């Protein structure tokens, strides 16, 4: 009985996984094509670049003032993450953008590896789904009368 009580939350947590349909081989092939396309990696690199710029422009001066235990000044309201980083490294922005640009080939390589591993991953997920279905089929019915 204790096992059933322990496994019951796991079963309910797995319910959304049961609701998902198993992707067809055509879906997997389409995902592989998208992951293997160098243009996809370039788009991801552009998104990372844009997110990096947005992060550098994030205002943090008021937070810094609060951490230091003081009221923010009007100048604090305009201090960004990039401003703080540039204080320590005058070439920060150039180095930062160079590092993000150098990450693009690594992203391409990672996406290619993911594309190649996708069939095996889907096979493993299918096996896990079948194992969960077998486990759920062996669970006692909670509505069954107690003795």
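Here are some notes:
- Overall dimensions of the stretch 42-147 by Cα: Rg and Dmax, Å: 25.4, 76
- Label-zone membership for the stretch 74-118, site residue 62, 7 angstrom Cα→C-beta point, backbone N under 12 Å: 74, 76-79
- Label-to-label distance, residue 88 versus residue 128, with points set 7 angstrom from Cα along the beta-carbon direction: 3.7 nm.
- Gyration tensor verdict on the stretch 67-121 (Cα atoms; rounded if a/c is under 1.5, prolate if a/b is larger than b/c, oblate otherwise): prolate
Read-outs throughout are calculated quantities, based only on the coordinates presented, and are distinct from any laboratory measurement. Predicted model only: the values in this text are computed from it and were never measured. We place every Cβ from the backbone using ideal geometry, glycine too, and count neighbours over all the protein chains shown.
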